[in-house]
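To keep things clear, I will list the structure first and then write my remarks on it.
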Amino acid sequence: MATPKYDKLTLARARALRAAEAPAETKLWALLRGRRLRAKFRRQQPIGPFIADFYCAEARLVVEVDGPSHDGQGGYDERRTKWLEGQGYRVVRLTNEAVHERPEEVYRVLAAALESPHSGRQAATGPSPSRGEGLRAAAALIERLDAEVLMAHQLGVSRMALLVDLERSIPAGFDALVDRRAAGEPVAYITGSREFWSLDLRVGPGVLIPRPDSETLIEVAVRHFAGRAPATVLDLGTGSGALLLAALSQWPGATGVGIDASPAALACARRNAADFDGRARIVDGGWAGTGAAFDLVLCNPPYIAEGTSLPRDVIDWEPREALFAGADGLDAYRELAPQLGAQIAPGGIACVEIGHDQGETAAALFRAAGLAVVLHRDLAGLPRCLAITK
C-alpha cells in the first residue's frame, strides 16, 4: 500500500489538534515533554495520511490517547493502527482514565515500550523494502524532498536517477541520515554540499548555507553589465564562496577575491575556490575590503534582528555571526556603508543582499554615505538586493 505524503491540510489539522488538546493529552504531554522518559516525543505528528497523538522518532513509537478526537470513528482507529504497524511503527493505546488516575502505570508502560526492542524501519524477516518504500517511510519523519536528496546522496547518484529506479533495495546508512535530518541537522550539512547558480559547493558546520534568494544578486549584476563583463570581483563576507564563484562561473575571464573573518568559512571557501584554477583568492578580513576597487562588489552580510524566531535547522546549526546583526538587523550595513564607495571601481556596481523588510532602512544608510541605490526584488517579489553605484 502506498503511503500518501501529508499535505498542507494535514499539517493545518495537526496544528488545530494541538490548539484544542484534550485534558488527558495535556496531562500526558507533561509526562513526555523535555525527555522525561529519556526520549523525545512530538505532539500531533503527521505520519503518512494519519496524525499521531504523540510520536517518538528514535523508537518509532506512536502513543494514542482515547478521547474526543477518537470518538465515533468506528473502525478508523483499528485501520490506523494496522497501517502504522505495517509501516514498522509500534502503537501504544492509553485510556483517558489511565492517564488521569493511574499515571504511574502509564509511566511504566511507556518506559517498557521505549526500552524493548523495536522493529525499526523494516521487519527483521521478509523481503528487503524497496527504495520507494524507504522514501515513503522516511516521509513520515522528514520532508519527502529531503529524503530523496539524502537517498540519492547515499547512493552517489542524482535525484532524478534515483526517481527512475525505485525498485532496488534501500542503501545502507540511509536510515541514519534520516535520523540526523529528523533531529534538525540541515540537509546541506549532512550531504556536505549545496547547489548555487548551478555550482555544487562544499558546505559544512560553521558556514552559512547558500540560499536561492541570494542568486538575485548575480542576476542584478548580469543585467548591469549586459554585453560586457566585469574584470574583477570582490565578495565581502564570502562564507562558502558562493557569490564570488557564481560570478566567476558567469564571467570566465574575471578574477576575484573573497573576504571573511571566520576560519571555518575561509577553509570552506578555499576548498571551493580550488576548482577555479587560481582565479579566486580567499583572504582573511572585514568590510573594509582589500584597499582596492573592483568592478563588481557582492555582499550578503548578516541582517537578521536579534531575537527573531528562526527554524530549528537554522538557529541550532548555522553560525550566529552570519545571521544576526544587532537589535534591528542593520549593524552590518552601518559599518559597511561608509566604506563601500571606495571599493567600487568607476562604472562598477555593488550588489548587497537585504532582508525582505529592510528595503528603505538599509538603503537610507548607503544614500547617507553619498551612494546611489536601486532596490531589486527576488522571484517571490520580496525586496532582496540593493544595487549600489557611485
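Restricting the first member to the stretch 213-225 and to residues that are of a type in the set (Lys, Arg), and the second to residues that are assigned to a helix (DSSP H, G or I) and open to solvent by 60 Å² or more (accessible area, probe 1.4 Å), no beta-carbon pair is closer than 7 Å while six or more apart or on different chains. For the stretch 333-359, which residues satisfy the criterion of being in a helix (DSSP H, G or I) and not charged (D, E, K, R)? Passing the criteria: 333, 336, 337, 338, 339, 340, 341, 342, 343, 359.
Filtering 247, 273, 267 for residues that are open to solvent by less than 60 Å² (accessible area, probe 1.4 Å), in a helix (DSSP H, G or I), touching a Pro at 6+ places or on another chain (Cβ under 8 Å) and of a type in the set (A, V, I, L, M) leaves a single hit, 247. How about the stretch 262-293: which of its residues are among the basic types (Lys, Arg) and in contact with a helix residue (DSSP H, G or I) (Cβ under 9 Å, 6 or more places away or on another chain)? Hits for the stretch 262-293 are 279, 281. Tallying residues that are under 21 Å from the mean Cα position of the chain (by Cα) and closer than 16 Å to residue 332 by Cα within the stretch 374-386 yields 1. The sole residue among 335, 318 that is charged (D, E, K, R), surrounded by 14 or more Cβ atoms within 10 Å (Cβ to Cβ), modelled with pLDDT of 95 or more and closer than 30 Å to residue 142 by Cα is 318.
Looking only at the stretch 227-237, count how many residues are in contact (Cβ under 8 Å) with a residue 60 or more places away in the chain, in a loop (DSSP other than H, G, I, E, B) and either closer than 11 Å to residue 250 by Cα or over 23 Å from the mean Cα position of the chain (by Cα) (or both). Result for the stretch 227-237: 2. Looking across the stretch 338-373 at every residue that is within 25 Å of the chain's Cα centre (by Cα) and closer than 23 Å to residue 257 by Cα, the one that is surrounded by the fewest Cβ atoms within 10 Å (Cβ to Cβ) is identified as 353.
Quick grid of which residues meet (1) open to solvent by 60 Å² or more (accessible area, probe 1.4 Å); (2) part of a helix (DSSP H, G or I); (3) modelled with pLDDT of 90 or more:
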position	(1), (2), (3)
114	no, yes, no
117	yes, no, no
123	yes, no, no
127	yes, no, no
137	no, yes, no
141	no, no, no
148	no, yes, yes
167	yes, no, no
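Selection of first residues in the stretch 338-357 that are closer than 16 Å to residue 220 by Cα and free of Cβ contacts under 8 Å to residues at least 60 places away in the same chain and of second residues that are of a type in the set (S, T, N, Q) and not in a helix (DSSP H, G or I), restricted to Cβ pairs under 8 Å at least 6 apart or on distinct chains, gives the following pairs, ordered by first then second residue: 344/389; 350/389.
So that you can scan it fast, the table gives a plain yes or no per residue for (1) closer than 23 Å to residue 178 by Cα; (2) among the acidic types (Asp, Glu); (3) in contact with a Cys (Cβ under 9 Å, 6 or more places away or on another chain):
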residue: 195; (1), (2), (3): yes, yes, no
residue: 200; (1), (2), (3): yes, yes, no
residue: 204; (1), (2), (3): yes, no, yes
residue: 215; (1), (2), (3): no, yes, no
residue: 221; (1), (2), (3): no, no, yes
residue: 224; (1), (2), (3): no, no, yes
residue: 231; (1), (2), (3): no, no, no
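Looking across the stretch 25-42, the residues that are in contact with a Leu (Cβ under 8 Å, 6 or more places away or on another chain) and at negative phi come down to 28, 31, 32, 37, 39, 41.
Considering the stretch 185-226 alone, what residues qualify as being in contact with a strand residue (DSSP E or B) (Cβ under 8 Å, 6 or more places away or on another chain), assigned to a loop (DSSP other than H, G, I, E, B) and open to solvent by 20 Å² or more (accessible area, probe 1.4 Å)? Across the stretch 185-226, the qualifying residue is only 192. Residue 321 fails exactly one of the following numbered conditions: (1) under 26 Å from residue 372 (Cβ atoms); (2) out of contact with any helix residue (DSSP H, G or I) (no Cβ under 8 Å at 6 or more places or on another chain); (3) outside any loop (DSSP other than H, G, I, E, B). What is the number of that condition? The single condition residue 321 does not satisfy is (1).
The values are calculated or read from the model by the stated rules, or taken from the named source; none is laboratory data. As the structure is a computational prediction, the values presented were derived from the model and not from experiment. Cβ sites come from the backbone with ideal geometry, for glycine too, and all protein chains shown count toward neighbours. Accessible surface areas use protein heavy atoms only, side chains included; no ligands, DNA or RNA. Shrake-Rupley method; radii C 1.70, N 1.55, O 1.52, S 1.80 Å.
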